[in-house]
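**Q** Take a look at this one; I'll ask things after.
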Amino acid sequence: MGSSCNPSSVNGFYNFLAQGLDELHQSFISHNFMSVQFLSEVLSSLRSFHSQLTVLVQKLRLPGGGKWLDEYMDESSRLWDACHVMKSAISGMENCCSAASTVASSLDTYQHLTPEISRQVIRSINIYQREILVLEEENKSLMETRIQPLSLCLNQNIPMESKLNGFSGFRGVLHAMRSVSSLLLLILLSGLAYCWSASFFQQRDTEEHSGFECGLMDSMARLEQKVGEEIEQNEGQSGILLFEFQQARIAMEELKEALERTREGREGFEIEEKVEKLKSWIGMLRCGVESIAGQTDDLVDEIVQGRKKLLDMSSYM
């Protein structure tokens with residue numbers, strides 16, 4: 001991020017959040033819809049915002065053991081819970097990568113593709129495709145049972161502006177962070193776990209953020225609106241939206257269709273091309289998911305470290 005924002009002050013932190021969201025908006029425009037690269041940048045921004053929030057607390061010299069600490073702990077706990085849902089979704093996707101690789105590699109063992117071999121591989125593809133549907137249903141259940149209670153999708157009751165100024169402005173900062181992290185977590189979970197529809201990203205009432213800096217409100221609205229529009233343009237697609245995951249899914253279906261033509265005795269010269277395309281997308285998906293898994297683990301560690309640091313700091317105030 002640029003050097004124009006000094007996140008060690010309350011106003012500077014608002015500007016820091018706004019600038020980070022603006023950069024994500026530009027990144028979203030530049031990359032494929034819900035690509036690994038974009039989601040990685042979202043996760044990186046979330047880590048940066050959380051880290052700077054911890055730094056800001058230390059700069060504000062808040063009273064030891066105050067209610068501000070309870071509110072910070074509640075918010076960091078919410079973030080921690082959401083990260084573990086992401087980790088569960090990522091684990092399921094890693095398993096699907098392994099299953100897809102097995103299907104693609106199975107064709108390497110055959111020098112001549114016969115109708116019988118095509119039938120065998122098609123059966124394997126059908127099993128894989130059913131596993132994908134099961135994964136999406138499991139992720140949908142995760143979102144309903146573990147994410148919905150965290151109120152990422154709901155407008156929150158924000159205190160009046162006078163209350164947002166409490167604790168040297170920290171309460172307002174914490175509510176801003178809650179709104180920003182909710183948006184970023186929804187983007188990540190839509191890509192990696194499950195998205196019902198574009199209504200996931202319905203713009204929040206402007207009154208909800210009446211105590212926040214206007215630039216931050218505008219930045220949140222732009223990113224939220226853009227993500228919602230892209231989902232609408234993708235016919236309001238539900239399920240796992242990750243671009244590389246969807247491309248691997250399409251490549252698997254194309255291979256299946258080519259094998260069906262071979263099984264029916266029609267020309268099968270395109271099989272090798274379809275297999276290589278599938279392997280390529282699986283490889284990109286696997287690398288991307290591994291990278292995001294590592295970042296998520298780092299964020300979980302940073303949340304734990306931040307909680308410990310502020311708890312220790314508060315006890316010595």
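**Q** Fewest Cβ neighbours within 10 Å first, please rank Trp68, Trp196 accordingly.
**A** Trp196, Trp68
**Q** In debye to the nearest 20, how big a dipole does segment 29-79 give about its Cα centre with +1 on each Lys and Arg Cβ and -1 on each Asp and Glu Cβ?
**A** Working: 5 positive and 5 negative charges, 37 e Å.
Value, rounded to 20: 180 debye.
**Q** Take the cross-link list Lys226/Lys274; Lys87/Lys274; Lys256/Lys279; Lys87/Lys226; Lys140/Lys308 and give me the ones stretching past 22 Å between alpha-carbons.
**A** In this structure, Lys226/Lys274; Lys87/Lys274; Lys87/Lys226; Lys140/Lys308 lie more than 22 Å apart at Cα.
**Q** Round to the nearest 0.05 the FRET efficiency obtained for Glu270 and Leu133 when R0 = 22 Å and r is the Cβ-Cβ distance.
**A** Values: r = 26 Å, r/R0 = 1.19.
So, using R0 = 22 Å, E works out to roughly 0.25.
**Q** Further question: Among Ile271, Ile250, what is the fewest-to-most ranking by other Cβ atoms within 10 Å?
**A** Ordered by Cβ neighbours within 10 Å, fewest first: Ile250, Ile271.
**Q** Quickly work out the Arg146-to-Lys67 label distance, labels modelled 7 Å from Cα along the C-beta direction, and quote it in nm with one decimal.
**A** Each label point is offset 7 Å from its Cα along the Cβ direction, giving 3.2 nm.
**Q** Moving to a separate point now. Please compute one quarter of the surface area of the Cα convex hull for segment 8-125 and express it in square nanometres.
**A** Computing the convex hull of the Cα atoms and averaging its projections yields 11.0 nm².
FYI, it's all coordinate maths here, none of it is from the lab. All of these numbers come straight from a predicted model, not from anything done at the bench. Neighbour counts are summed over all protein chains in view; Cβ atoms, including those assigned to glycine, are modelled from backbone coordinates with ideal geometry.
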